[in-house]
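Structure first, commentary second.
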Amino acid sequence: MKKLVDLRRDTNTLPTEEMKEAAFRSPLGDAVYGEDPRQRELEELAAFILGKERAIFLPSGTMGNLVALLTHTQRGNEIILEENAHIFTSETGGLAQVAGLMVKTLRNEDGAPEPRDIERAIRPENIHYPRTALIGLENTHYRYGGIVVPFTRFEKIREVADRYNLPVHLDGARLFNAAIYLGVEAKEIARYCDSVMISLSKGLGAPVGSLLAGSCDFIKEAERYRKMLGGGMRQTGWLCACGIIALSEDNISRLREDHDNAQFLAEGLQSLPGIKIDRHQVQTNFVLADLSERELEATVFLERIREKGVLATRAGDFAVRFVTSREVNREDIVFALQVIKEVTQVI
Ligand code: TLP
């Protein structure tokens, strides 16, 4: 069979043998009535890891974020988000369509708005204005290449939020990647936020699922919205057994390998003619390659490498994104670099 190295996403990760075994042996119960033992165990584990009172299991990160918005806000309120936040760009406008929110976006390519810009964006009490009700953050930041929000930013944003009595929600789909980069525990980042969503189905390798964590009062309300959106599932034990392994210490620290492979890939790519890499961007498991120097079109480049067994994603007319995950090892990266070298030599 022809070799195929898939560097498009970390959402394509498959459950490990250990996960499959645990799923197969999992006791099951009706989770809507709180009777699925593994779901309860996973929710408690996630709350502990994130340093929150409670957590709930949901089918996806998109639903986790939407439930958080519904719980924190009322229709007609406004949320402050970074301009390229996943909640704004890639969740089908659920914030407007379902939660009835207005959005104030603030651009900052280091991943999170400056606290002073947030402060300026908070609406004063005035009969003409919507009420600012929530600050949304994302760490790592997906669209800026998996970069990590500077740690001190959280502290400063929290200060602003407290001054205006506003809650902060964190889209932490890849929070553990951020924690590893910063050399801190995930809860040390989460402590600045009232609610946090984490994904099990990306680099952590579980087949399905996310968790939303927060205070007991917050989660009590959030549970209702999860049910309303159809996220009250039944015998979830099979999925949650995988999730428990996904959140094990060993599995979380394995993400470091993905980061090392991304560094190795970035180093190899930047030595090739016509490819520019901003090494500052390569912090976790994403590598953005700029092909504009030789006006190499991303679609043409991607087609050529695909023919030779390497998959990546378009990130702009002349930009390509590579994502490392447990599905690719060092040998695969070496293979990918060889293919890209051959392709850039003939284009
Ligand atoms: N991102 C997906 C796509 O939707 C782009 C991907 O391929 O990585 N927050 C962030 C920061 C995300 O990257 C994603 C998924 C989500 C939320 C939504 O999670 P899911 O896919 O579980 O709904």
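Given the options Glu53, Glu125, Glu109, Glu82, name the one that is assigned by TED's automatic domain parsing to the domain that holds Ala173, of a type in the set (D, E, K, R) and in contact (Cβ under 8 Å) with a residue 60 or more places away in the chain. Walk me through how you get there before you give the answer.
Details: Glu125 fails: in contact (Cβ under 8 Å) with a residue 60 or more places away in the chain; Glu109 fails: in contact (Cβ under 8 Å) with a residue 60 or more places away in the chain; Glu82 fails: in contact (Cβ under 8 Å) with a residue 60 or more places away in the chain.
Being assigned by TED's automatic domain parsing to the domain that holds Ala173, of a type in the set (D, E, K, R) and in contact (Cβ under 8 Å) with a residue 60 or more places away in the chain holds for just one of Glu53, Glu125, Glu109, Glu82, which is Glu53.
Which of (1) of a type outside the set (A, V, I, L, M); (2) in a helix (DSSP H, G or I); (3) over 30 Å from Asp290 (Cβ atoms) is the odd one out, the single condition Pro130 does not satisfy?
Here Pro130 meets the rest and fails (2).
Among Leu45, Leu66, Leu70, which is the only one that is outside any strand (DSSP E or B) and within 13 Å of Ile244 (Cβ to Cβ)?
Leu45
Give me the pairs, please: first residue somewhere in segment 325-347 and under 22 Å from Gly205 (Cα atoms), second residue anywhere and among the acidic types (Asp, Glu) and in a helix (DSSP H, G or I), beta-carbon distance under 9 Å, and either six or more positions apart or on two chains.
What qualifies is Ser325/Asp258; Arg326/Glu257; Arg326/Asp258; Val328/Asp258; Asn329/Glu257; Arg330/Glu257; Arg330/Asp260.
Results for (1) under 16 Å from Gly64 (Cβ atoms); (2) in the same structural domain as Leu28 (by TED's automatic domain parsing); (3) within 16 Å of the ligand (Cβ to nearest atom); (4) not aromatic (Phe, Trp, Tyr), shown as yes or no for each residue.
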residue: Asp194; (1), (2), (3), (4): yes, yes, no, yes
residue: Ser199; (1), (2), (3), (4): yes, yes, yes, yes
residue: Gly203; (1), (2), (3), (4): no, yes, yes, yes
residue: Val208; (1), (2), (3), (4): yes, yes, yes, yes
residue: Leu211; (1), (2), (3), (4): yes, yes, yes, yes
residue: Gly214; (1), (2), (3), (4): yes, yes, no, yes
residue: Gly231; (1), (2), (3), (4): yes, yes, yes, yes
residue: Arg234; (1), (2), (3), (4): no, yes, no, yes
residue: Trp238; (1), (2), (3), (4): no, yes, no, no
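Report, ordered by the first and then the second residue, all pairs with beta carbons closer than 6 Å, sequence separation of six or more or different chains, a first member in segment 155-180 that is free of Cβ contacts under 8 Å to residues at least 40 places away in the same chain, and a second member that is away from the ligand (no atom under 16 Å from the Cβ) and aromatic (Phe, Trp, Tyr).
Arg158/Tyr192
Only one of Leu272, Leu212 is buried (at least 19 other Cβ atoms within 10 Å of the Cβ) and at negative phi. Can you tell me which?
Leu212
Do you know which of the residues in segment 161-181 that are among the aliphatic types (A, V, I, L, M) and crowded, with 22+ Cβ neighbours inside 10 Å is nearest to the chain's Cα centre (by Cα)?
Only one residue fits best here, namely Ala173.
Tell me the residue from Phe176, Phe151 that is modelled with pLDDT under 95 and either assigned by TED's automatic domain parsing to the domain that holds Gln235 or within 16 Å of Leu255 (Cβ to Cβ) (or both), please.
Phe151
Among the residues that make up segment 171-183, is at least one of them outside any strand (DSSP E or B), within 16 Å of the ligand (Cβ to nearest atom) and within 15 Å of Glu53 (Cα to Cα)?
no
Buried (at least 19 other Cβ atoms within 10 Å of the Cβ), within 19 Å of the chain's Cα centre (by Cα) and part of a loop (DSSP other than H, G, I, E, B): does that describe Glu91?
Yes: the conditions hold for Glu91.
Taking into account only those residues within segment 30-71 that are among the hydroxyl-bearing types (Ser, Thr, Tyr) and more than 15 Å from the ligand (Cβ to nearest atom), which is farthest from the chain's Cα centre (by Cα)?
Ranking the candidates gives Tyr33 first.
The values are calculated or read from the model by the stated rules, or taken from the named source; none is laboratory data. Predicted, not measured: the structure shown is a model, and the values here were computed from it. FYI the Cβ positions are ideal-geometry reconstructions off the backbone, even for glycines, and counts take in every protein chain you see.
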